Every structure is written in structure tokens, then in C-alpha cells.
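Colleague: Just dropping this structure here.
The values are calculated or read from the model by the stated rules, or taken from the named source; none is laboratory data. Computed from a predicted model, the values in this text were never measured in an experiment. FYI the Cβ positions are ideal-geometry reconstructions off the backbone, even for glycines, and counts take in every protein chain you see.
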Amino acid sequence: MRSALIIGGSGLIGSNLAKKLSELGWVTYKTSRSQEECNLESVIYYDLSDPLADVEILPLTDIVILCAGISTKQACEDAPSLAYAVNVGAPIKIAQYFFQNNRKVIFISSSAVFHGSKTVANELSKICPQTLYGWLKVEAERSLQKLHILHGQGSLVVVRPTKVFWKELDLLSKWRCALINHQHISAFNQVLISPISIEYLVNSLVRIAQSHYSGVFHLSGELELSFYNFACSLASKLGVTESLVGGEERLEEINIPKHALLAMDRTSKLLGITPQSNEELMRALV
Ligand SMILES: NC(=O)c1ccc[n+]([C@@H]2O[C@H](COP(=O)([O-])OP(=O)(O)OC[C@H]3O[C@@H](n4cnc5c(N)ncnc54)[C@H](OP(=O)(O)O)[C@@H]3O)[C@@H](O)[C@H]2O)c1
């Protein structure tokens, strides 16, 4: 039976992944900062911002999946030192412990490692972030790669997902409710996204965890669409007229990447995971 430790087990990705791995029969542990959750034997209290936190309290599972992080661009800008400690320092410390013990480390990075201004990036494209959040992901990826080479054992996987959507996401619940009641909604028409569903992400992470391949993998939607086009797709899936969706201009245009899509050449070739179709995404969100 295989075992996994999920760092950040109460977050969106971590909690869904822990549930899926347990259902599949993996012995699953997770870290959390919630005292209530930590009453369970399989949940370990671990604060990534605490420099004195002892990695040796973590169970040495076959795989550790680093899903914790300060996960919004704004939160990183608001507290850069804390964001560095949590998004870079702590993953390095945990990965070091797992590499030393010859284990597999999976790090959840982000499409924000790319500038998104020229071409669609694949797994081998030059990284060039635009935001502090993206820079921290780059710094973590590079440090983990160096550390892995230094130790010469264990394995490292870096996964870069695009934006993750889920059915209960506030914005989607509001839009669905308005549209089925034939009310108008408005959505940005210049901001591009290439969303994936949490189910697609979790199923892909399971495939990655089971495989013997290491290196960088991308997880992306097949389409690049504006929020406006996405909302029109949603309306159509709900069987209501797209004329209920209005376009909205975003006033500040700083840091809006021109591309949100990631190419998945290596991921498709080695793992057989293809970009999520818009049809499958809509099915998961309606
Ligand atoms: N969601 C997306 O669209 C997306 C896309 C690409 C990449 N990612 C990356 O994937 C990872 C997980 O994202 P997510 O959406 O699951 O984020 P999330 O829902 O915000 O969860 C973040 C997790 O990190 C934990 N955390 C934050 N600060 C911590 C600290 N000081 N000590 C211990 N744990 C701490 C949180 O614990 P608490 O619950 O205790 O706060 C939570 O479990 C992040 O690195 C994010 O950058 C996310």
C-alpha cells in the first residue's frame, strides 16, 4: 500500500487530493493549522511560517505533496517576507528531509512562472514571471531542483496548473443563480483564463503520483477564453440565452498576461494527460 503526506491538507487542492488518495486506498496523512482537524491521528499540526517547526515530526511517506502556500498574488504583495518563508523556505526544508530519505517530492507550482506575453509556454519554455507570487514559485522550483541534484536521490516533480475552478466557487454560484433566474451578469472581456476543474487537477495529480516520471508537468484547459466568453459558455451549458452576459472593461491593466494557456507536450507524451476540454470543464461546474 502506498503512502502520501499532503502539506496544506485543509486547502482547496490539498483537501480534495487527500480525499481522493484515501478513497484509492493510499495511507494518507496531511498537515493543517486547524486544531480541530489535528485531533485526528492522520492530521499533523505544522505551521510553515514557524522557523522552529521540526520536519522530523512529519511521517516519512513514499511521497510528499507540497500543496501549502500563500496562494493569492495580493496576499504575497501584502506580506512578502511571510510569503517567502511559506512559499519558498518551508518547501525547501521539507523537501530536504524527504530527499535525504530517498522519497518523491511533488511541488505544486503555477502557470504564474510565465510572463504570458508572447507565446504559449510548454514545460521546457524559459520561465519569466510578472508578479511576486510568480517569482516565489520560480525561486522555489529552482531551489528544489538544486537541492535534488545535491542529494542525488529521491525524485522531484514540479506541477504547474492554470487557474482552478470548482462548482462551489462564490463567483460561479452567483453567476449560476443569476442566469437560471434569467438575470443579467457582467464579466471582464480582456482578462484571459484557461481554467481547469478541481476534479481534473486531482485526477491528474493521482496519475503523476503513481507514475515513475519526474520533472515538470503542465495542467491546463484546452481553450484560452475571456471571463466574458467563459460566462457565455456557462450560460449556454445552463440552457439560457448568452445575451444575459454583458462584457465589462477592467480599469487597471497592470499585470494582465496576454496568455493564460499552457502547452502540455511533455505531460501528454509521458503521462497521456491531455488539456481539459471546455465541455468536461463545464460539466464539472454546472
Ligand atoms: N487554486 C488555484 O487556482 C491554483 C493554481 C495554480 C497553483 N496553485 C498553487 O497550489 C497550492 C495550493 O493552492 P490552493 O488553491 O489549495 O490554496 P488554498 O486553498 O489557499 O490553500 C492553501 C493551503 O496552504 C496552507 N497554508 C498557508 N499558510 C500556511 C502556513 N503558514 N503554515 C501552514 N500552512 C499554510 C493553508 O492552511 P490553512 O488552511 O491553515 O490556512 C492551506 O491549507 C498553492 O501553492 C497555490 O499557489 C493554486
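Colleague: Go through (1) crowded, with 17+ Cβ neighbours inside 10 Å; (2) more than 17 Å from the chain's Cα centre (by Cα) for E279 and report which single condition fails.
Modeller: Of (1) crowded, with 17+ Cβ neighbours inside 10 Å; (2) more than 17 Å from the chain's Cα centre (by Cα), only one is false for E279: (1).
Colleague: So which pairs qualify, if the first residue must be in the stretch 80-97 and under 17 Å from G134 (Cβ atoms) and in the same structural domain as L60 (by TED's automatic domain parsing), the second must be acidic (D, E) and away from the ligand (no atom under 11 Å from the Cβ), the Cβ gap must be under 7 Å, and the two must be at least 6 apart or on different chains?
Modeller: What qualifies is V88/E139.
Colleague: Working only within the stretch 234-247, note down all residues that are closer than 14 Å to A187 by Cβ, under 29 Å from the mean Cα position of the chain (by Cα) and surrounded by 15 or more Cβ atoms within 10 Å (Cβ to Cβ).
Modeller: Once the filter is applied, which keeps residues that are closer than 14 Å to A187 by Cβ, under 29 Å from the mean Cα position of the chain (by Cα) and surrounded by 15 or more Cβ atoms within 10 Å (Cβ to Cβ), the stretch 234-247 yields L234, A235, V245, G247.
Colleague: Given L144, L124, which one is aliphatic (A, V, I, L, M) and part of a loop (DSSP other than H, G, I, E, B)? Walk me through how you get there before you give the answer.
Modeller: Working: L144 fails: part of a loop (DSSP other than H, G, I, E, B).
L124 is the lone residue from the list that is aliphatic (A, V, I, L, M) and part of a loop (DSSP other than H, G, I, E, B).
Colleague: Of all residues in the stretch 62-97 being over 16 Å from the mean Cα position of the chain (by Cα) and hydroxyl-bearing (S, T, Y), which is nearest to L136 (Cα to Cα)?
Modeller: Ranking the qualifying residues of the stretch 62-97, first place goes to Y84.
Colleague: Right, another one. Taking only the stretch 27-60 into account, find how many residues are closer than 21 Å to V159 by Cα and either among the hydroxyl-bearing types (S, T, Y) or touching a residue at least 60 places away in the same chain (Cβ under 8 Å) (or both).
Modeller: 3
Colleague: Let me ask something else about it. Find the residue count for the stretch 89-109, including only residues that are buried (at least 21 other Cβ atoms within 10 Å of the Cβ) and within 12 Å of the ligand (Cβ to nearest atom).
Modeller: 7
Colleague: Go through the stretch 1-83 and tell me which strands (runs of 3 or more DSSP E), entirely inside it, have 1 or more residues that are within 11 Å of the ligand (Cβ to nearest atom) and aliphatic (A, V, I, L, M). Give the derivation first.
Modeller: Values: elements: 3-7, 27-32, 43-45, 63-66.
Here the list reads 3-7, 43-45, 63-66.
Colleague: Next up: Counting just the residues of the stretch 210-227 that are in contact with a Phe, Trp or Tyr (Cβ under 8 Å, 6 or more places away or on another chain) and buried (at least 19 other Cβ atoms within 10 Å of the Cβ), which one comes out farthest from E23 (Cα to Cα)? Lay out the reasoning, then the answer.
Modeller: Pass one, the stretch 210-227, residues in contact with a Phe, Trp or Tyr (Cβ under 8 Å, 6 or more places away or on another chain): 219, 226-227.
After this cut, where a residue has to be buried (at least 19 other Cβ atoms within 10 Å of the Cβ) as well, the list is 219, 227.
On the way: L219: 22, F227: 34 Å.
By that ranking, first place goes to F227.
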